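Enquirer: Let me begin by handing over the structure; questions about it come next.
The values are calculated or read from the model by the stated rules, or taken from the named source; none is laboratory data. Just so it is clear, the structure is predicted and the values come from calculations on it, not from any experiment. Positions of Cβ are backbone-derived with ideal geometry, glycine not excepted, and every protein chain shown enters the neighbour counts. Heavy atoms of the whole protein, side chains included, go into the accessibility calculation; ligands, DNA and RNA do not. Shrake-Rupley method; radii C 1.70, N 1.55, O 1.52, S 1.80 Å.
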Amino acid sequence: MELGWLLWGAAVLLLLHLLMELSPAVNFVLRIGFYYVLCIVCSGLTAPVCLLVNGGRTVKNMRIIKTVVKSFKYFFGLRFEVKGLENFDVEGPAIIVSNHQSILDMMGLMEVLPDGCVQVGKKELMYAGTVGLITYLGGVIFINRKSTTSAKMVMAEVAKTMTADNVKVWVYPEGTRNCTGDLLPFKKGAFHLAVQAQVPVIPVVYSSFTTFYNPKKNLFTSGKIKVEVLPPIETKGLTSDDVSDLTDRCYNIMRETLFRLSGRSGEGKDSS
Ligand SMILES: CCCCCCCCCCCCCCCCC(=O)SCCNC(=O)CCNC(=O)[C@H](O)C(C)(C)COP(=O)(O)OP(=O)(O)OC[C@H]1O[C@@H](n2cnc3c(N)ncnc32)[C@H](O)[C@@H]1OP(=O)(O)O
Ligand SMILES: CCCCCCCC/C=C\CCCCCCCC(=O)OC[C@@H](O)COP(=O)(O)O
């Protein structure tokens with residue numbers, strides 16, 4: 001009886017392995033499906049720990065979430081090569097801006113996330129079952145992208161509280177995922193926030209995933225991601241009139257860095 005189960009198990013594993021070898025689509029769906037399951041299950045297990053240790057919604061839970069998520073990369077053969085972490089060592093709050101390629105970014109985010117840092121996320125995430133619960137407990141700031149007025153109101157509130165609470169805020173200024181190997185034009189919310197709170201902007205750039213991850217081509221293999229934390233850009237004394245320039249400056253630095261890290265040197269200059 002037990003031998004029977006073992007044989008069945010081995011047969012199923014062999015079949016899955018063969019299917020993965022034969023079909024890139026199956027390989028992709030199984031790997032990405034496993035990522036979703038990992039996120040959902042680990043969120044479900046981590047949420048009670050967060051509640052027991054910290055009692056409710058607080059940025060302190062990010063430390064626990066980060067510890068769990070940092071182990072995910074081993075399942076997918078992903079390696080991170082990080083430079084410039086010392087640039088996070090600014091006194092007090094800051095706005096961190098980075099490029100956003102995929103849901104896999106959550107791993108890269110946790111790989112470098114400094115203490116006392118919350119992210120701005122779309123409000124739909126709140127309803128993603130256990131993942132919604134863990135993002136809520138971690139202190140993620142939810143915005144409604146369908147309503148500029150309400151998103152701006154939330155951001156203005158954050159500008160007021162981030163200094164009092166001494167938190168850093170992580171924003172994806174492209175506003176959506178983009179896995180083309182280039183940057184989308186930046187939305188200005190993060191930069192308004194930095195100027196309103198008079199805190200520095202710290203750009204973080206992840207090299208392009210296109211060599212190992214492309215949903216359109218059913219590609220998801222192991223791979224290396226280069227991450228660079230760039231020096232802070234001060235905003236002291238800037239006013240709302242300077243936000244466009246600040247946005248362009250960050251965009252240009254990040255685009256150049258993205259191309260350099262992805263082995264596309266020379267491109268990205270003189271663009272805005
Ligand atoms: C244990 C296991 C765990 C497993 C799972 C764990 C999960 C763990 C947690 C990790 C969570 C990670 C969460 C990541 C989520 C990532 C995302 O969801 S990305 C998507 C959401 N984020 C964003 O959209 C941020 C970037 N967007 C912006 O900053 C936007 O500007 C906006 C504030 C949302 C508004 O957007 P929109 O409505 O499109 O309007 P705009 O065109 O940008 O702006 C119009 C106009 O208003 C000006 N403006 C913008 N902001 C402000 C402001 N704060 N104050 C004043 N004015 C503002 C802007 O300049 C425009 O005017 P202009 O004249 O055209 O310049
Ligand atoms: C009861 C409902 C159950 C629903 C379950 C859904 C569970 C979803 C589970 C796992 C996904 C893990 C994702 C981790 C968080 C990553 C956040 C993220 O990267 O969101 C994308 C968002 O930035 C941009 O969104 P769009 O590109 O504009 O779209």
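Enquirer: Under the rule a/c < 1.5 gives rounded, and otherwise a/b versus b/c splits prolate from oblate, where does the stretch 170-247 land using the Cα gyration tensor?
Expert: Working: a/c = 3.86, a/b = 2.28, b/c = 1.70.
Prolate, since a/c reaches 1.5 and a/b exceeds b/c.
Enquirer: Over the chain, what is the relative contact order in whole percent, taking alpha-carbon pairs under 8 Å and six or more residues apart? Could the numbers behind the result be given before it?
Expert: Details: 422 pairs, mean separation 61.1, N = 272.
Across the chain, relative contact order equals 22 percent.
Enquirer: Return the distance in nm (one decimal) between the two label points of a simple spin-label model at Y127 and F80, each offset 7 Å from Cα along Cα→Cβ.
Expert: It works out to 3.0 nm between the two label points.
Enquirer: Please tell me the relative contact order of the stretch 148-264 in percent, rounded to the nearest whole number, where contacts are Cα pairs under 8 Å and at least six residues apart.
Expert: Relative contact order here is 28 percent.
Enquirer: What accessible area per residue, rounded to a whole number of Å², is obtained for the stretch 1-89 using a probe radius of 1.4 Å?
Expert: Value returned for the stretch 1-89: 69 Å² of accessible area per residue.
Enquirer: Please list, in chain and number order, the residues 5+ apart from Q101 or on another chain whose amide H is under 5 Å from its amide H, with Hs placed from the backbone.
Expert: Residues meeting the criterion, in which the H sits 1.01 Å from N, are N178.
Enquirer: Can you tell me which of V41, V167, V199 moves the most in a GNM of the chain? Springs connect C-alpha atoms under 10 Å apart.
Expert: Of V41, V167, V199, the Gaussian network model singles out V41 as fluctuating most.
Enquirer: So what's the net charge close to I65: Lys and Arg +1, Asp and Glu -1, counting the other residues with Cβ under 13 Å from its Cβ?
Expert: Net charge in that neighbourhood comes out at +3.
Enquirer: Taking only the alpha carbons of the stretch 1-91, what extent do you get along each of the three principal axes, in Å, biggest first?
Expert: Per principal axis, max minus min of the Cα coordinates gives 60, 34, 20 Å.
Enquirer: If packing is taken as the average count of other Cβ atoms within 10 Å, what order do 88-95, 138-145, 236-243 fall into, highest mean first?
Expert: 138-145, 88-95, 236-243
Enquirer: Going from most exposed to least, what order do K66, K187 have by accessible area with a 1.4 Å probe?
Expert: K187, K66
Enquirer: Hey, another quick one. Looking only at H17, H192, H100, which one moves most when the chain is put into a Gaussian network model with springs between Cα atoms under 10 Å?
Expert: Most flexible of the set in this elastic network: H17.
Enquirer: If amide H atoms are built 1.01 Å from N in the plane of the peptide, which residues on other chains or at least 5 residues away come under 5 Å of the amide H of G139?
Expert: T58
Enquirer: Viscosity 1.306 mPa s, temperature 10 °C: what is the translational diffusion coefficient of the chain from Stokes-Einstein with a Kirkwood Rh over Cα pairs, rounded to a whole number of µm²/s?
Expert: D = 79 µm²/s.
Enquirer: Could you check which residue among L133, L14, L246 shows the biggest mean-square fluctuation in a GNM of the chain with a 10 Å Cα cutoff?
Expert: Highest fluctuation of the listed residues: L14.
Enquirer: For the stretch 22-149, calculate the relative contact order in percent as a whole number, restricting contacts to Cα pairs under 8 Å that are 6 or more residues apart.
Expert: This gives 37 percent for the stretch 22-149.
Enquirer: So, one more: Hey, rough spin-label estimate for T67 and T211, points 7 angstrom out along Cα→Cβ, what's it come to in nanometres?
Expert: For T67 paired with T211, the spin-label model returns 3.4 nm.
Enquirer: In nm, to one decimal, how far is the L52 label point from the L18 one, both placed 7 Å along Cα→Cβ?
Expert: It is 4.4 nm.
Enquirer: Taking a cut-off of 20 Å between Cα atoms, list the lysines near K123, but don't count ones fewer than 8 places away on the same chain.
Expert: Cα-Cα hits under 20 Å: K146, K152, K168, K187, K188.
Enquirer: Between A11 and Q198, what FRET efficiency comes out of the Förster formula 1/(1 + (r/R0)^6) with R0 = 45 Å and r the beta carbon distance, rounded to 0.05? Write down the numbers at each step before the final one.
Expert: Working: r = 64 Å, r/R0 = 1.42.
That gives a FRET efficiency of 0.10.
Enquirer: If you don't mind, another one. Give me the lysines in straight-line cross-link reach of K217: C-alpha distance below 25 Å, same-chain residues under 8 apart excluded.
Expert: K73, K226
Enquirer: Let's test the formula: R0 of 45 Å, r as the Cβ-Cβ distance of V37 and E91. What FRET efficiency results, to the nearest 0.05?
Expert: Efficiency computed from Cβ-Cβ geometry: 0.65.
Enquirer: Can you give me the % of accessible surface on the chain that is carbon or sulfur? Probe 1.4 Å, all protein chains present, nothing else counted.
Expert: Within the chain, the accessible surface is 61 percent carbon and sulfur.
Enquirer: Further, regarding this structure: Enumerate the calculated ³J(HN,Hα) couplings along the stretch 34-51 in order (Karplus 6.51 cos²θ - 1.76 cosθ + 1.60, θ = phi - 60°), each rounded to whole Hz, writing x wherever the residue is Gly or Pro.
Expert: Each residue of the stretch 34-51 in turn: 4, 4, 4, 4, 4, 4, 5, 5, 5, 4, x, 7, 7, 4, x, 4, 4, 5 Hz.
Enquirer: Please list, in chain and number order, the residues 5+ apart from K168 or on another chain whose amide H is under 5 Å from its amide H, with Hs placed from the backbone.
Expert: A94, C117, V118
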